1. Which value, in debye to the nearest 20, gives the size of the charge dipole of region 52-195 about its Cα centre, when Lys and Arg are +1 and Asp and Glu are -1 at the Cβ?
2. Relative contact order, percent, of region 301-381 when contacts are C-alpha pairs under 8 Å separated by at least 6 residues?
3. Which length gain, in nm to one decimal place, applies between Lys216 and His328 when the Cα-Cα distance is subtracted from 0.36 nm times their residue separation?
4. Per residue of region 64-70, in order, report the coupling 6.51 cos²θ - 1.76 cosθ + 1.60 (Karplus, θ = phi - 60°) as ³J(HN,Hα) in whole Hz, putting x for Gly and Pro.
5. Among Ser263, Ile300, Gly145, which residue has its Cα positioned farthest towards the positive end of the charge dipole of the chain, with +1 placed on the Cβ of Lys and Arg, -1 on the Cβ of Asp and Glu, and the dipole taken about the Cα centre?
6. Quick one: which of Lys93/Lys120; Lys93/Lys168; Lys133/Lys326; Lys280/Lys432; Lys88/Lys216; Lys88/Lys432 span more than 27 angstrom between C-alpha atoms?
7. Among Thr251, Ala323, Asn273, pick out the residue whose Cα is farthest towards the positive end of the charge dipole of region 225-335, where Lys and Arg carry +1 and Asp and Glu carry -1 on C-beta, about the Cα centre.
8. Give me the 1.4 Å probe accessible area per residue for region 1-53, excluding ligands and nucleic acids, in Å².
Amino acid sequence: MTPTNTPRPNIVFIVADDLGFADLGCYGGRDAKFGKVSPVLDQLAAGGLKFTQGYANSPVCSPTRFALMTARYQYRLRGGADEPINSKSKGSKVLGLPPEHPTLPSLLKASGYRTALIGKWHLGYPPHFGPIKSGYEEFFGPMSGGVDYFTHASNNGTHDLYTNDEEKHEDGYLTDLISHKAVDFVERMAPGAVHYTAPHWPWETREDHALAAEVKDNLFHLHGGNIHTYHRMIHHMDEGIGWVVDALQKTGQLYNTLIVFTSDNGGERFSDNWPLVGGKMDLTEGGIRVPWIAHWPAVIAPGGTSTQHCMTMDWSATMVELAGAKAHEDLPFDGVSLLPALRDATHRFERPLYWRMNHRGQRALRLGDYKYLRVDGHDYLFNIPADERERANLAPHEPARLAALRAAWEAWDATVPAIPEDATISLGYSVKDMPQR
């Protein structure tokens, strides 16, 4: 066990966009043609703690970000019901993170932290919503879910890059701009959050400036991309994370800085999720189980692996506890602090995890070794350690266990608001564009 009297750490919360479970080398990912895809993240995992049973709050972007910001189930806020918030919501007074709601950055700021968000917001548009309204002192990045890496235009064709509340035009590859801004913040003051758009579509590396004109009318880039471009996009992000780590080292902050890395949901078209199936928009494991790496030399022993079950909002609750802050009494956290697991990789506690999706009427509960899943009206039961690919449906053979887990899910569902009738589902492509997984 490490000492509990360590001074409050700096915190860097790094979120990739649509990264698959096995896209990183440290999670079993394959090398690219050019070599290691994620050497910096692999090194952070080797020097820290890797979680193998960690999940995102949702298999799609903005709902997970609601949970990240509030440490509460995203279903408790109207904006969290859209899957995801899309660019058509610009100007909405409803689809966003309410500025009056306590957030991870507002609680940290109130406890004396300096706060910044460098990268993707995706929690509602100005003038009604934005990072500065929700507790961040500084912001640089796009407001929407996805932008071109060179023009910084969103899917509706409008420019979407901001500094604080003001639209800002800057030249450069977005992943690198985010990395450089994060380094600048580290060098000036305590770290904050880094939310990359990589490796989200469009499929553009640093050398693909010419593609910007080609994809400007449809950033989903359905006719392009490949695993080689995808590997390079991850590598660009990994390099940028290396720049941030170097800045922490040079400024003497690395030893007592908690760096947490994850993805907002499971992988997309070119991801490697092995051995999981499914991906973004799915409540099968490939849509929600994601990499979780924690690096904190002052507290976390190197080379550890944790099988503790956790999800996005648990990390937010952990960071609030580390800051010496706590939830608002009227808005208690659904997230549970993981600090005991950070101090001792072998520490385990039971952590039921619940999900719900409007898309395909999906629902899921992970409790212990078992997972209850519904997709398209069909109920399934899987023993995840024995069958991570969710291919052996135990429902007909263990009807009592299925009934108990279904009842537990339905009891939980009664504690959160119902899905609003006007909640939207935004799919960028379907089986007419590419075969089903």
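The values are calculated or read from the model by the stated rules, or taken from the named source; none is laboratory data. Remember, predicted model here, so these are calculated numbers, not experimental data. Note: ideal-geometry Cβ built from the backbone for every residue, glycine included; neighbour counts use all protein chains shown. Accessible surface is based on the protein model in full, side chains and every heavy atom, while ligands, DNA and RNA are left aside. Shrake-Rupley method; radii C 1.70, N 1.55, O 1.52, S 1.80 Å.
1. 660 debye
2. 22 percent
3. 36.0 nm
4. So the J values, rounded to whole Hz, are 4, 5, 4, 5, 4, 6, 10.
5. Ile300
6. none
7. The residue sitting farthest along the positive end of the dipole is Thr251.
8. 41 Å²
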